[in-house]
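Peer 1: Starting off with a structure, shown below.
Where a number appears in this text, it was derived from the coordinates with a stated rule and is not lab data. None of the values given here were measured: they were computed from a predicted structure. All Cβ positions, glycine included, derive from the backbone under ideal geometry; neighbour counts span all protein chains shown.
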Amino acid sequence: MDVKLKELFARYFKCKPSDIKLESKLKDLGAKEWQIIEMAMEFESTFNIPMDADKALSMKKVSDWEKLLN
Amino acid sequence: MKNIEDKLEKNRQDMVIVQGEIKDIQKDSNDRKNLINTLIEDVTNLSTSQDMPKSISSKREDVVFDGILSEEITNSLGVLPASKLKELKKQFTNSIPAFPPFDKYDIFLLVALGGLAGLADFLLVGLPPKTRWVPRNEGGVVPVGWLSERIKSWEVSSDNWLSKICKVPFDNSTLPGTDAGFNPFNHRLLSFGHDPSPLGMIFGLMDIMSGGMSGATRDGQIFHITTQIPPEKLKMLLAPLLWLGHLASDVATPMGIPAPGWALTQILRVPAPGAPGEATIADVARMMYEQGYDFRHYLAGAMIPGLIEIIINTYHFIRYSYPHKAKIRENVISSNIAESYIEESQISGHKKAMLFWAHTTAAAINAGKIAIQGASGNYFSAARAINVSQWQMFAVRTVEYLVYRYRDKSLEQAVANRKIISQRWDDILNDLPYALMNDSKTPLFTM
């Protein structure tokens, strides 16, 4: 899993990087809707992949985000 | 003939006697008047006196204060019960209302303004146009404001000609290698120099002159870092213009610049009431900006308190201030400085009351808009329904209202009570002839 992505999740959802697995659901990591939207902003600027609120909220698992990087 | 002359002579003698008695009554009245004033002064002193006795005894209808008032005063006053003294004191202190009353035209204007403010808030201001960070299924019934949409429809690229001329060191959109949380969508909120307020100007000038960048991280930590743009002497001289020019270059970009003072919200790490997921006030304010609540929407909302101020000030000037000044110019008002001061103070108080109630109505309507949007949509959409400029003006006018409400009214009370006392003495003197009626029930003379 991409290290930067893991750090992003950990910073925005206030969880430990070790708890973040590919199969983890964002809800189980404690992510709230507004935190996902904010995280998507930094995701776009970090990885240069266009995002918006609806697209961000449609991706429920960590693996969904990882797929965008590949 | 002799009988008529005798009767005339007798009447003249009676007149002399009556005139003498009138003089005695007037003298007696003046003495009583002085004694009542002394008594009121003594009662006032009593109420503030530290040595006030715990018990006040009264027998029959006489007032006897245990050794406080002299027997001469209480005897001279005759019948004056304690309850009457209390009533007199109440009349004395309540002779001036807190605010001059509104008439029907004032009330009509306030009600009309309230209605118009409500319509404008819902239709013209509404919600800010959505950015791509607003979910489509957010819900809510309050529409995007027509005025806000019109203002934000004028959009320029972030890379415009003015931004190339007015380059500033606090414009980094990301801070790689840090946990600051900067990205192109929030960096103008997190850097203090972008705030269109005196605070923003101070930090902006400081950053331009030092070649640094001041701000707050996404977690609320204040920082100052040096940047790649070193300070130059020319830039220092032109710093205010550079700052203004840079803000002007950013204001019409898709994200715009934050509302005045919004940068300060980023240090408020206090849980926002009712916010989901333990969001703080800083988080809510940041989401508001990221979802479209920028300086342009703030200006659209400022239209409502601005119009209220213009309309009420104009109305008040035409109806009250100008006629009062005209009377002074024509010397219609007496040269009594105290009365002139009091009238000006009351006109000012009347205007303060009108402004307070108008802004209270507009703020209450905005509270309703927030509640409606919150009930039908989500929390952050309700937050975007707040008309920040309206609440700011409401706060200012509330403070002014309260300061006037609890002003020192001693001078006004003294003048008003003097007028009441003078009027009552006139009434007594007018009634005097009838008090001395002879058996035929007609007054012996007229004043």
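Peer 1: Output the peptides B:28-35, B:164-171 sorted from most to least packed, where packing is the average of other Cβ atoms within 10 Å over each peptide's residues.
Peer 2: Taking the mean over residues of other Cβ atoms within 10 Å, the ranking is B:164-171, B:28-35.
Peer 1: So for the range B:184-308, considering every pair of alpha-carbon atoms, how many percent are separated by more than 24 Å?
Peer 2: 31 percent
Peer 1: Let me ask something additional. Counting each DSSP H run of 4 or more residues in chain A as -39500 (n - 2.57), what helix-only mean residue ellipticity at 222 nm follows after dividing by all residues, to the nearest 500 deg cm²/dmol?
Peer 2: About -17000 deg cm²/dmol.
Peer 1: Could you work out the mean count of beta carbons from other protein chains within 10 Å of each residue's beta carbon in A:27-33?
Peer 2: Counting other chains' Cβ atoms within 10 Å and averaging over A:27-33 gives 2.
Peer 1: How much length is gained if the chain between B:E41 and B:M236 is pulled fully straight, taking 0.36 nm per residue apart and subtracting their Cα-Cα distance, in nm to one decimal?
Peer 2: Contour length minus the Cα-Cα distance gives 63.5 nm.
Peer 1: Please list the non-local residues whose amide H lies under 5 Å from the amide H of B:L127, H modeled 1.01 Å from N, same-chain partners needing a gap of 5 or more.
Peer 2: B:V144, B:G145
Peer 1: Working from Cα positions, state the angle (0 to 90°, nearest 10) between the long axis of helix B:2-48 and the longest principal axis of chain B.
Peer 2: Around 40 degrees separate the two axes.
Peer 1: Let me ask something additional. Measure nothing fancy, just the Cα-based angle from helix B:104-119's long axis to the longest principal axis of chain B, in degrees from 0 to 90, nearest 10.
Peer 2: 10 degrees
Peer 1: Can I ask one more? Taking the beta-carbon count within 10 Å as an exposure proxy, list B:T131, B:T314, B:T174 from fewest neighbours to most.
Peer 2: Going from sparsest to densest Cβ surroundings: B:T314, B:T174, B:T131.
Peer 1: Per DSSP helix of 4 or more residues, -39500 (n - 2.57); summed, then divided by the residues of chain B. What does that give at 222 nm, rounded to the nearest 500?
Peer 2: On the way: 17 runs with 259 residues, N = 447.
-19000 deg cm²/dmol, from helical runs alone.
Peer 1: How many partner chain Cβ atoms sit within 10 Å of a residue's Cβ in peptide A:49-60, on average, as a whole number?
Peer 2: Taking all residues of A:49-60 together, the mean is 3.
Peer 1: Now, a different point. For chain B, take the longest principal axis of its alpha carbons; what is the angle in degrees between that and the long axis of helix B:388-405, to the nearest 10 within 0 to 90?
Peer 2: Between the helix axis and the principal axis of chain B, the angle is about 20 degrees.
Peer 1: State the three equivalent ellipsoid semi-axes of the range B:197-249, derived from the C-alpha gyration tensor as the square roots of 5 times its eigenvalues, in descending order and whole Å.
Peer 2: Ellipsoid half-lengths, sorted descending, are 20, 14, 9 Å.
Peer 1: Report the Cα centroid-to-centroid distance between the range B:101-168 and the range B:276-295 in angstrom, as an integer.
Peer 2: If we compute the Cα centre of each part, the gap is 17 Å.
Peer 1: Right, something else. Considering the range B:220-293, what Rg and Dmax in Å follow from its alpha-carbon atoms?
Peer 2: When restricted to Cα atoms, the range B:220-293 yields Rg and Dmax of 16.1, 50 Å.
Peer 1: Please turn the phi angles of the range B:246-259 into ³J(HN,Hα) values with the Karplus equation 6.51 cos²θ - 1.76 cosθ + 1.60 (θ = phi - 60°), one per residue in order, whole Hz, x for glycine and proline.
Peer 2: Result, rounded to whole Hz: 5, 5, 5, 6, 9, 4, 9, 6, x, 8, x, 10, x, 5.
Peer 1: Report the Cα centroid-to-centroid distance between the range B:354-411 and the range A:22-70 in angstrom, as an integer.
Peer 2: Each part's Cα centre sits 38 Å from the other's.
Peer 1: Work out the mean other chain Cβ neighbour count within 10 Å for the residues of A:37-47 and drop it here as an integer.
Peer 2: 5
Peer 1: What does the highest-first list of B:205-216, B:266-277, B:175-186 look like by mean Cβ count within 10 Å?
Peer 2: B:205-216, B:175-186, B:266-277
Peer 1: Percent of Cα-Cα pairs per 10 Å bin, from 0 to the last occupied bin, for the range B:168-225, please list those.
Peer 2: Final binned percentages: 26, 60, 14, 0.
Peer 1: Please compute the Cα-Cα pair-distance distribution of the protein assembly as shown with 20 Å bins starting at 0, giving whole percents from short to long.
Peer 2: 16, 32, 23, 16, 9, 3, 0
Peer 1: Which of the pairs B:K33/B:K419; A:K32/A:K60; B:K23/B:K86; A:K67/B:K130; A:K32/A:K55 have their Cα atoms more than 20 Å apart in this structure?
Peer 2: Those over the limit are B:K23/B:K86; A:K67/B:K130.
Peer 1: Tell me the GluC sites (Glu not before Pro) within the range B:278-376 that lie in a loop according to DSSP and have at most 12 other beta-carbon atoms within 10 Å.
Peer 2: B:E330
Peer 1: If you don't mind, there's one more thing I want to ask. Principal axis extents for chain A, Cα atoms only, whole Å, descending order, please.
Peer 2: Rounded to whole Å, the extents work out to 27, 23, 18 Å.
Peer 1: Roughly how many debye, to the nearest 20, is the charge dipole of chain B about its Cα centre, given +1 on each Lys and Arg Cβ, -1 on each Asp and Glu Cβ, and no other charges?
Peer 2: 1020 debye
Peer 1: Where Rh denotes the Kirkwood radius from the mean inverse Cα pair distance, what is Rg over Rh for chain B? Numbers along the way, then the final one.
Peer 2: On the way: Rg = 35.6 Å, Rh = 28.7 Å.
Reported Rg/Rh, Kirkwood definition of Rh: 1.24.
Peer 1: Using the per-residue mean of other Cβ atoms lying within 10 Å as a proxy for protection, in what order, highest first, do the peptides B:242-248, A:31-37, B:197-203, A:19-25 fall? Don't skip to the end; give the middle numbers.
Peer 2: On the way: B:242-248: 19.3, A:31-37: 21.4, B:197-203: 17.4, A:19-25: 13.7.
Peptide ranking by packing, descending: A:31-37, B:242-248, B:197-203, A:19-25.
Peer 1: Taking neighbour Cβ counts within 10 Å as the exposure measure, how do B:W391, B:W154 sort from fewest upward? Each step should come with its number before you reach the end.
Peer 2: On the way: B:W391 17, B:W154 9.
So the ranking, lowest neighbour count to highest, is B:W154, B:W391.
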